[in-house]
Amino acid sequence: MTDQRPRVGHIQFLNCLPIYWGLMRSGALLDVDLHKDSPDRLNADLVAGHLDIGPISLVEYLRHAGDLVLLPDLAVGSDGPVLSVTMVSTRPPSALDGARVALGSTSRTGVLLARMLLGERYGVAPRYFGCPPDLTTMLLEADAAVVIGDVALRATYEAPRRGLIVTDLGAAWREWTGLPMVFAVWAARRDFATAHPGLVKDVHEAFLRSRDLCLAELDEVATAAARWEPFDAATLATYFRALDFSLGERQVAGLREFAARAAAFGEVPALGVDGPEFFTG
């Protein structure tokens, strides 16, 4: 047994507020050492062993699946529009051949999904470059920008008024494959889960309780969040309802389909026939 609380990552984006809300309400935050950060830094910390349990982008999970086990029935995804993983462009996606496309630095899965969609669904070959996720700056240098999180959610509502085209990447994936899109999963480091299965089980159950509590109080969560966020309660409630925090059979099928396409694209190792591997402690 460890005498230290598990080091648990938490994404500082609105899309994970429902999980955090429930942890706060249930008192489970007292039982973990919570590290709040951006998705890219949390990815790196979990992979490096600076965190024991946390959310990780699907792409980074696939790249490091040997070191990680997934927590069952917990993810951030969508079965259709996600509202907060978008490509904002000055012209339609099919007209971006040879164009400059800025890829936001906080995204891994959204960026790869955009590249796969542009190359394979829209049949174009843009010129890509990475940069910080500031939409105005990105579009000064590029014809399209891929952004996630709160920047993307704001763009979903504001960009069309500026004459810009917003491609919701969750909706585009659903139209392309007929499956849900999984953007992030929760995982435990394999060595930590082996050494401390009881702690991982406790954290996993706390996350599931948190999610279910929040989904039962979604309008209350949205009203509370709207006091501090640049979105009104109705917008936030719509957003939270668009998100899918589950990882059932359909979502796992979507995960496997993305993994297969990403492997064929040369970006991740192939997922084993029995993958992904879940924590079963």
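Things to note:
- Cβ-derived FRET efficiency at R0 22 Å, residue 194 paired with residue 256, nearest 0.05: 0.35
- Within the accessible area of the chain (1.4 Å probe), percent carbon and sulfur: 51
- Each Cα pair under 8 Å and six or more residues apart adds its separation to the average, and for the chain the resulting relative contact order is 28 percent.
- Sequentially through the range 177-193, phi angles give Karplus couplings (6.51, -1.76, 1.60; θ = phi - 60°) of 10, x, 10, x, 10, 9, 8, 9, 10, 9, 9, 10, 5, 4, 5, 5, 5 Hz, Gly and Pro residues having no value and appearing as x.
- From phi via Karplus (6.51, -1.76, 1.60), per-residue ³J(HN,Hα) for the range 57-64 in Hz, x at Gly/Pro: 4, 4, 4, 5, 4, 4, 6, 10
- Solvent-accessible area of residue 64 with every protein chain in place, 1.4 Å probe, in Å² to the nearest 10: 50
- Between 0 and 90°, nearest 10: helix 39-48 axis offset from the chain longest Cα axis: 50
- Averaged over its residues, the range 168-281 has an accessible area of 46 Å² per residue, based on protein heavy atoms and a 1.4 Å probe.
- Loop sites in the range 194-251: chymotrypsin sites (Phe, Trp or Tyr not before Pro), DSSP, at most 15 other Cβ within 10 Å: 228
- Crossing angle, helix 249-264 versus the chain [Cα axis fit, 0-90 degrees, rounded to tens]: 60
- A straight line joining the Cα centroids of the range 6-59 and the range 78-151 runs 26 Å.
- Remark: the range 181-280 carries a charge dipole of roughly 200 debye about the Cα centre, counting +1 on each Lys and Arg Cβ and -1 on each Asp and Glu Cβ.
- Heavy atoms of the protein chains alone define the surface here; on that basis the range 1-105 has 37 Å² accessible area per residue at 1.4 Å probe size.
- Taking the longest Cα principal axis of the chain as reference, the axis of helix 197-216 is set at about 60 degrees.
- Calculated Rg/Rh (Cα atoms, Kirkwood Rh) (choose from (1) 0.96; (2) 0.94; (3) 1.04), label: (1)
- Simple point charges give the picture: +1 on the Cβ of Lys and Arg, -1 on the Cβ of Asp and Glu, and for the chain a dipole about the Cα centre of about 540 debye.
- A cut-off of 5 Å between modelled amide H atoms, ignoring neighbours fewer than 5 places along the same chain, links residue 183 with 76, 77, 78.
- Between the amide H of residue 73 and those of 247, distances stay under 5 Å, these residues lying 5 or more places away or on another chain, with hydrogens modeled in the peptide plane.
- Simple Cβ-charge dipole of the range 91-142, Lys/Arg +1 and Asp/Glu -1, about Cα centre, in debye nearest 20: 100
- Ordering 171, 221, 197 by the projection of their Cα atoms onto the charge dipole of the range 148-281, which places +1 on the Cβ of Lys and Arg and -1 on the Cβ of Asp and Glu, puts 171 at the extreme positive end.
- For the range 89-104, 3J(HN,Hα) per residue [Karplus equation, 6.51 cos²θ - 1.76 cosθ + 1.60, θ = phi - 60°, Hz, x = Gly/Pro]: 9, 8, 8, x, x, 5, 9, 9, 4, x, 7, 8, 10, 8, 10, x
- Our summary gives the range 104-146 a relative contact order of 48 percent, counting only alpha carbon pairs under 8 angstrom and 6 or more residues apart.
The values are calculated or read from the model by the stated rules, or taken from the named source; none is laboratory data. This structure is a prediction, so every number in the text was calculated from the model and none was measured. Every residue, glycine as well, gets a Cβ built from its backbone with ideal geometry; the counts of neighbours run over all protein chains shown. SASA here: full protein model, heavy atoms, side chains in, ligands and nucleic acids out. Shrake-Rupley method; radii C 1.70, N 1.55, O 1.52, S 1.80 Å.
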